[in-house]
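J.: Structure provided below as structure tokens; questions to follow.
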Amino acid sequence: MKILLAEDDKNVAVISRMALEKLGGHEVDWVQNGEEALEKALTNTYDLIILDEMMPKMNGIKASQEIRLKDKNKTPIIFLSAKNQPEDIANFLRIAEGHIPKPFNPSTLCQLIDETLANASKEVKAG
Amino acid sequence: MKSLNLRLKVLFFLTGVALVFSAFKGYQSYQMASHYSSQIQLSYKSLNSINMLRKNRKNVDAFSEIKSIQQNIEPFHREDTLKDLVDSILAGSKRKTRETLKVYEANEANYRQYAVKHLEYNDSNFKFTWGLSSFITLMLLITAFFITENSIFKPLSKLQLTMDNFKHNKYSFEFEVPQQNELGQLHETFNTLAQQVLEQVEELKTLDQAKSDFLSIASHELRTPLTSIKGSLNLINAGVVGDINPDAKNLVSIAEIESDRLIRIINDLLDLAKIEAQKFPLTTAYSSLEELIVNTTNSLHGLATTANVNLTYSPLPEVAVLMDSERTQQVLTNLISNAIKFSPAESTVNIEVSLTNRDEVLFEVKDQGPGIAPEDQEHIFEQFRQVNGSKTPIVKGTGLGLAISKGLVEQHGGRIGVKSQPGQGSCFYFYLPEYQWAKYLDQAA
């Protein structure tokens with residue numbers, strides 16, 4: 001899959017990319033804030049957008065709202081975030097297909113992503 | 001300040017004065033009426049006695065009666081005239097007697113007229129004065145009544161209502177301009193106090209919010225570096241960056257395990273902070289007790305087997321308990337896994353659930369381990385307390401399990417505790433306050 005990853009912490013980004021590229025065989029574009037994420041999402045086509053929540057310039061929630069408004073492809077979005085309170089998760093799931101909490105296990109990241117996307121499309125078919 | 005105290009005291013004083021004045025006037029009037037009535041009576045009596053004496057000069061009774069009349073008669077000139085008359089009767093001079101008698105009778109008639117006039121005057125004077133002071137007294141009392149009603153009891157009950165609302169946390173009330181008297185002062189003091197309380201409430205809300213914000217930020221700030229640490233170790237161990245020698249792999253595994261433990265501690269700490277701030281979200285509903293126990297014991301079956309301990313439960317009452325089932329399972333899991341940790345091989349950990357006569361659900365986890373010394377029992381539910389002597393556990397605890405369990409149970413409105421004697425095993429128990437008979441649950445479903 002072609003994946004857009006928005007993550008402002010360089011170290012976390014390195015690990016996520018390694019997991020996605022080396023273990024999952026995916027192609028990853030990396031940006032560091034919500035603004036750039038929005039830009040890239042609209043100019044290129046991706047199979048999946050992964051967003052962190054707390055980023056400078058534009059945070060994950062805001063970016064996802066903008067993308068939803070303007071993205072014609074309806075690219076699936078997954079939040080990758082340290083915020084794990086019920087209110088936060090509810091907020092994420094209002095917009096995105098899924099939420100993966102940090103810290104995560106890189107070995108299982110790809111599996112988690114596949115599961116999340118599978119559940120999301122099941123819901124779409126059922127609903 | 002227009003003192004209510006002063007006003008009422010003055011009113012009461014004046015009422016007292018009016019009453020005393022009435023009483024005094026009444027007495028005075030009575031005296032007067034009495035005096036003139038008796039004088040009139042004496043007058044007639046004296047004439048009667050004079051007649052008797054004239055008929056018989058030797059009439060001792062008449063004579064002594066006249067003597068006593070003389071003593072009581074007033075004013076003095078009547079006494080003198082009477083004396084002259086008596087003298088002339090006793091002297092036997094008929095002519096003098098007749099003349100003196102005429103004078104005496106005329107005098108007495110005049111005097112009686114005068115006395116009657118006085119009686120009438122006295123009567124009307126008394127009626128007027130008494131009526132007036134009764135009226136004044138009544139007016140004073142009515143004034144006092146209205147003052148107490150309007151200036152004391154009405155404002156008091158209004159203040160009471162405001163305070164009552166305040167007590168029930170209805171903090172909206174009007175700061176009226178208080179009256180310029182003692183009640184006003186009371187009202188003013190209350191207003192000041194109320195403002196202080198409100199300020200403190202606001203401050204607490206701000207602090208609370210700050211705490212929440214801190215928890216949220218801390219949560220993120222701690223988890224982000226841990227993501228990188230755990231992630232790096234995990235990728236190395238998974239061979240993603242090439243093979244590593246066994247010793248290196250060992251070290252990396254250790255680091256991975258400990259960073260996982262660190263993550264669990266952080267999660268527990270943040271949970272605990274939330275529980276203590278009473279902001280922990282619980283979703284409570286009436287849930288089957290049987291389901292809870294079965295699920296919990298099933299999930300701990302593996303742990304029990306590995307530790308060679310029997311995990312059993314006694315027959316359960318058929319109830320649905322009002323609880324957050326996930327969190328209650330967390331509490332039970334914590335207590336049971338502790339029990340297993342501390343149980344010797346081949347022993348039994350048993351779960352008993354019963355209904356108390358105070359309509360509570362009592363959960364008990366009993367083990368046959370070494371027991372807990374009384375001095376340790378006090379501290380066991382505190383944070384980071386771990387009792388020495390447990391076997392090396394499969395997964396090291398965070399030291400927060402019991403503290404979290406306590407917080408969760410208490411947030412359900414229950415209480416938690418331990419009964420134990422060294423050498424006689426332990427019984428960890430907790431109460432949950434609400435349940436329903438399970439058959440009603442089915443009916444509703």
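J.: Relative to the first principal axis of the alpha-carbon coordinates of chain B, what is the inclination of helix B:182-237, with its axis defined by its Cα atoms, in degrees from 0 to 90 and to the nearest 10?
T.: 0 degrees
J.: Another question about this same structure. Once both axes come from the Cα atoms, what is the angle between helix B:94-146 and the longest principal axis of chain B, in degrees from 0 to 90, rounded to 10?
T.: With both axes taken from Cα atoms, the answer is about 10 degrees.
J.: Just the number, please: buried accessible area between A and B, total of both chains, 1.4 angstrom probe, nearest 100 square angstrom.
T.: Looking at A and B, the buried total is near 1800 Å².
J.: Please report the accessible area of B:Met139 (heavy atoms, 1.4 Å probe, ligands and nucleic acids excluded) in Å², nearest 10.
T.: 80 Å²
J.: Carbon and sulfur together cover what percent of the accessible area of the protein assembly as shown at a 1.4 Å probe radius?
T.: Taking all protein chains in place, the protein assembly as shown shows 55 percent carbon and sulfur surface.
J.: Working from Cα positions, state the angle (0 to 90°, nearest 10) between the long axis of helix B:325-342 and the longest principal axis of chain B.
T.: For helix B:325-342, the angle is close to 60 degrees.
J.: Ignoring ligands and nucleic acids, what accessible area does B:Leu85 show with a 1.4 Å probe (Å², nearest 10)?
T.: Its accessible surface works out to 0 Å², give or take rounding.
J.: Run the numbers on chain B and let me know its relative contact order in percent, using alpha-carbon pairs under 8 Å that are six or more apart.
T.: 12 percent.
J.: Full-extension gain between B:Phe146 and B:Thr189, please, as 0.36 nm times their residue separation minus the C-alpha to C-alpha distance. Don't skip to the end; give the middle numbers.
T.: Numbers: separation 43, 0.36 × 43 = 15.48 nm, distance 2.48 nm.
Taking 0.36 nm per residue and subtracting the Cα distance, the gain is 13.0 nm.
J.: When the helix-only estimate is applied to chain B (DSSP H runs of n ≥ 4, each -39,500 (n - 2.57), divided by the residue count), what is the mean residue ellipticity at 222 nm, nearest 500 deg cm²/dmol?
T.: Numbers: 12 runs with 293 residues, N = 445.
Result for chain B: -23500 deg cm²/dmol, rounded to the nearest 500.
J.: Another question, then. Could you check the spin-label model distance between B:Lys419 and B:His35? Points 7 Å from the Cα along Cα→Cβ, value in nm.
T.: If labels sit at B:Lys419 and B:His35, their model points lie 9.5 nm apart.
J.: Could you pull the accessible area for B:Asp84 with a 1.4 Å probe, rounded to 10 Å²?
T.: My reading of the accessible area for B:Asp84 is about 80 Å².
J.: Moving on. Which length gain, in nm to one decimal place, applies between B:Asn308 and B:Asn165 when the Cα-Cα distance is subtracted from 0.36 nm times their residue separation? Write down the numbers at each step before the final one.
T.: On the way: separation 143, 0.36 × 143 = 51.48 nm, distance 6.07 nm.
Stretched out fully, the B:Asn308 to B:Asn165 stretch lengthens by 45.4 nm.
J.: Something else: Using 1/(1 + (r/R0)^6) with R0 = 45 angstrom and r between the beta carbons of B:Asn56 and B:Met139, what's the FRET efficiency to the nearest 0.05?
T.: That pair, B:Asn56 with B:Met139, gives E of 0.10.
J.: Provide a list, ordered by number, of residues in region A:70-118 showing at least 50 Å² less accessible area with every protein chain present than when their chain is taken on its own, using a 1.4 Å probe.
T.: Listed in order, they are A:Ala82, A:Pro103.
J.: Let me ask another. What distance in nm separates the simple spin-label points at B:Phe13 and B:Val294, each placed 7 Å from Cα in the Cβ direction?
T.: 8.8 nm
J.: I'd like the distance between the alpha-carbon centres of region B:98-126 and region B:297-322, rounded to an integer number of Å.
T.: Using only Cα atoms, the two centres lie 120 Å from each other.
J.: Apply the Karplus curve 6.51 cos²θ - 1.76 cosθ + 1.60, θ = phi - 60°, to the phi angles in region A:116-122 and return the couplings in whole Hz, x for Gly and Pro.
T.: 4, 5, 4, 4, 4, 6, 4
J.: If you don't mind, another one. Say R0 is 22 Å: what FRET efficiency, to the nearest 0.05, do B:Glu199 and B:Ser157 get from their beta-carbon distance?
T.: Rounded to the nearest 0.05, the efficiency is 0.25.
J.: Per the helix-only calculation at 222 nm, which mean residue ellipticity applies to chain A, given -39500 (n - 2.57) for every DSSP H run of n ≥ 4 and division by its residues, nearest 500 deg cm²/dmol?
T.: Calculated mean residue ellipticity at 222 nm is -15000 deg cm²/dmol.
J.: May I pose another question? Let's see if you can work this out: charge +1 on each Lys and Arg Cβ, -1 on each Asp and Glu Cβ, no other charges. What is the dipole magnitude of chain A about its Cα centre, in debye to the nearest 20?
T.: Using only the charged Cβ atoms, the result is roughly 240 debye.
J.: With unit charges on the beta carbons (Lys and Arg positive, Asp and Glu negative) and the dipole taken about the Cα centre of region A:2-126, which residue among A:Leu42, A:Leu20, A:Ser107 sits farthest to the positive side?
T.: Working it through, the farthest residue towards the positive pole turns out to be A:Leu42.
J.: So, one more: Could you run the Debye sum over the Cα atoms of region A:2-126, one equal point scatterer each and no solvent, and tell me log10 of I(q)/I(0) at q = 0.11, 0.18 Å⁻¹, two decimals?
T.: Taken in order of the listed q values, log10 I(q)/I(0) reads -0.32, -0.93.
J.: Going by the alpha-carbon gyration tensor, a ≥ b ≥ c the square roots of its eigenvalues, is region B:225-335 rounded (a/c under 1.5) or, if a/c is not under 1.5, prolate (a/b greater than b/c) versus oblate?
T.: Note, shape of region B:225-335 comes out oblate.
J.: Go from 0 up to the bin containing the longest alpha carbon distance in chain B, width 10 Å each, and give me the % of pairs per bin.
T.: That works out to 4, 12, 13, 11, 9, 7, 6, 6, 5, 5, 5, 6, 6, 3, 2, 1, 0, 0, in percent per bin.
J.: With every protein chain kept in place and ligands, DNA and RNA left out, what is the accessible area per residue of the protein assembly as shown? Probe 1.4 Å, answer in Å².
T.: With all protein chains present, the protein assembly as shown gives 58 Å² per residue.
J.: Can you sort B:Phe76, B:Phe63 by solvent-accessible area, 1.4 Å probe, largest first?
T.: B:Phe76, B:Phe63
The values are calculated or read from the model by the stated rules, or taken from the named source; none is laboratory data. Note that the structure is predicted; figures quoted are calculated from it, not measured. Heads up, the Cβs are rebuilt from the backbone with ideal geometry, glycines too, and the neighbour counts pull from every protein chain shown. Please note that ligands, DNA and RNA were not included when accessible areas were found on the heavy atoms of the full protein model with its side chains. Shrake-Rupley method; radii C 1.70, N 1.55, O 1.52, S 1.80 Å.
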